[in-house]
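First up is the structure itself, then whatever we jot down about it.
The values are calculated or read from the model by the stated rules, or taken from the named source; none is laboratory data. The structure presented is a predicted model; accordingly, all values stated were derived computationally and were not measured. Here the Cβ positions follow ideal geometry from the backbone for every residue, glycine too, while neighbour counts run over all protein chains shown.
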Amino acid sequence: DAEKADYKARIKALLKERDAVLVAHYYTDPEIQALAEETGGCVSDSLEMARFGRDHAAKTLIVAGVKFMGETAKILSPEKTVLMPTLEATCSLDLGCPEDAFSAFCDAHPDHTVVVYANTSAAVKARADWVVTSSIALEIVEHLDSEGKQIIWGPDRHLGSYIAKQTGADMLLWQGECIVHDEFKAKALRELKAQYPDAAVLVHPESPASVVEMADAVGSTSQLIRAAQTMDNDTFIVATDRGIFYKMQQAAPGKTLIEAPTGGNGATCRSCAHCPWMAMNGLKAIEAALSGSDMENHEIHVDENLRHKALIPLDRMLDFAK
Ligand code: 13P
Ligand code: SF4
């Protein structure tokens, strides 16, 4: 509508004026992803977002995602101004893994290598030996396991137990979860699969083990999109945030994409796998961030001492992923 068109026009002008680029995650709303593509920004998974932000020449990054993505961008590019539509866009994994308690967990097992998921604060990253995202976690743990390392893993328990099972690595798990993926239900998925017997099931590994076990492909957002594109099936049942359907449908035109069921007490809830924090990244909030007012609600700052410490495990991941 007219109001949205107005916002988009203002955002485009502000991006130019501020030498800024929009970096968006696949879970943001389709209009935000489209705007990022249209303006020369990127839409991707959390690993690619980090790389794109680091390598882009723009003076300012506007990160449409959740806070850990903005912090990662700032850790990698301290010379850039890093803005977010709102600093209130957090993540249940980050919230469920406070630095003091996590550090105590690590201190209790000093002989373990500390591997943390990117969905954590800068302070938790600073305590880690390695940072990983879901697209590279399996390979990195395999590598550490081959060196005989014992591992502390945090914070996502589902992703951690999936990786432990795949690799056989010795892993102590922090007990966090993603409130979106934790809601996928195996029983309802089995019923849906019975209705679509030829459908392939695509699952993000932040989902419970009972759901992951039913998957034909398990992977990060970008890996799931690739699976929909390359697998022969005409129909896919997809267990991840519904924001992914925008890109997945573009990548696999003509294929039928169905949301995996969520909801409590065996009841199914369709169209409700959507991260409330990702949903905060609206046009209005992006315009507000770029307009330069109320910066304390938009600009990412990371303490310099923490930044130096967090950069080490982040760079380790990016070097490994090359
Ligand atoms: P990806 O790294 O697979 O994009 O997922 C991260 C995530 O959960 C973002 O919320
Ligand atoms: Fe965090 Fe889950 Fe939201 Fe991703 S979808 S930001 S893991 S709460």
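Can you list the helices (runs of 4 or more DSSP H) found entirely within the stretch 127-246 that contain at least 2 residues being within 14 Å of ligand 1 (Cβ to nearest atom)? Step through it out loud before you land on a result.
Values: elements: 137-146, 157-167, 186-195, 209-212, 221-230.
Fully inside the stretch 127-246 and qualifying: 137-146, 157-167, 221-230.
Sort out for me the strands (runs of 3 or more DSSP E) sitting completely within the stretch 10-97 that have 3 or more residues that are in contact with a Ser or Thr (Cβ under 9 Å, 6 or more places away or on another chain). Working first, answer last.
On the way: elements: 20-25, 42-44, 60-64, 81-83.
In the stretch 10-97, 20-25, 60-64, 81-83 are the strands (runs of 3 or more DSSP E) which contain 3 or more residues that are in contact with a Ser or Thr (Cβ under 9 Å, 6 or more places away or on another chain).
Can you find even one residue in the stretch 206-222 that is at pLDDT below 95, surrounded by 14 or more Cβ atoms within 10 Å (Cβ to Cβ) and within 19 Å of Phe184 (Cα to Cα)?
Filtering the stretch 206-222 for residues at pLDDT below 95 gives none.
Taking every residue of the stretch 206-222 in turn, none turns out to be at pLDDT below 95, surrounded by 14 or more Cβ atoms within 10 Å (Cβ to Cβ) and within 19 Å of Phe184 (Cα to Cα).
Given the options Ala273, Ala239, Ala260, Ala289, name the one that is within 16 Å of ligand 2 (Cβ to nearest atom) and touching a His at 6+ places or on another chain (Cβ under 7 Å). Walk me through how you get there before you give the answer.
Working: Ala273 fails: touching a His at 6+ places or on another chain (Cβ under 7 Å); Ala260 fails: touching a His at 6+ places or on another chain (Cβ under 7 Å); Ala289 fails: within 16 Å of ligand 2 (Cβ to nearest atom).
Just a single option satisfies the conditions, and that option is Ala239.
If the requirement is being farther than 19 Å from Lys185 by Cα, touching a residue at least 60 places away in the same chain (Cβ under 8 Å) and not β-branched (Val, Ile, Thr), which of these qualifies: Ala227, Ala285?
Being farther than 19 Å from Lys185 by Cα, touching a residue at least 60 places away in the same chain (Cβ under 8 Å) and not β-branched (Val, Ile, Thr) holds for just one of Ala227, Ala285, which is Ala285.
What residue, of Gly176, Gly168, is in contact (Cβ under 8 Å) with a residue 12 or more places away in the chain, closer than 23 Å to Ala101 by Cα and small (Gly, Ala, Ser)? Spell out how you get there, then give the answer.
Values: Gly168 fails: closer than 23 Å to Ala101 by Cα.
Result of the check over Gly176, Gly168: Gly176.
Answer yes if at least one residue in the stretch 83-96 is without any contact (Cβ under 8 Å) to a residue 60 or more places away in the chain, under 30 Å from Arg18 (Cβ atoms) and more than 14 Å from ligand 1 (Cβ to nearest atom), and no otherwise.
No, the conditions are met nowhere in the stretch 83-96.
Which pairs have Cβ atoms under 9 Å, sit 6 or more apart or on different chains, and link a residue in the stretch 1-13 that is assigned by TED's automatic domain parsing to the domain that holds Thr39 to one that is of a type in the set (Val, Ile, Thr)?
Close Cβ pairs satisfying both conditions: Tyr7/Ile286; Ile11/Thr39; Ile11/Ile62; Ile11/Ile286; Lys12/Thr39.
What is the one condition in (1) within 25 Å of Ser92 (Cα to Cα); (2) in contact with a Gly (Cβ under 7 Å, 6 or more places away or on another chain) that Ala227 does not satisfy?
So Ala227 meets the others, but not (1).
Taking the residues in the stretch 48-67 that are surrounded by 23 or more Cβ atoms within 10 Å (Cβ to Cβ) and within 13 Å of ligand 1 (Cβ to nearest atom) as candidates, determine which candidate is farthest from Met317 (Cα to Cα).
Of all residues in the stretch 48-67, those surrounded by 23 or more Cβ atoms within 10 Å (Cβ to Cβ) come to 49-50, 53, 61-66.
Filter once more, keeping what is within 13 Å of ligand 1 (Cβ to nearest atom): 49-50, 63-66.
Numbers: Met49: 14, Ala50: 11, Val63: 20, Ala64: 22, Gly65: 20, Val66: 20 Å.
My answer is Ala64.
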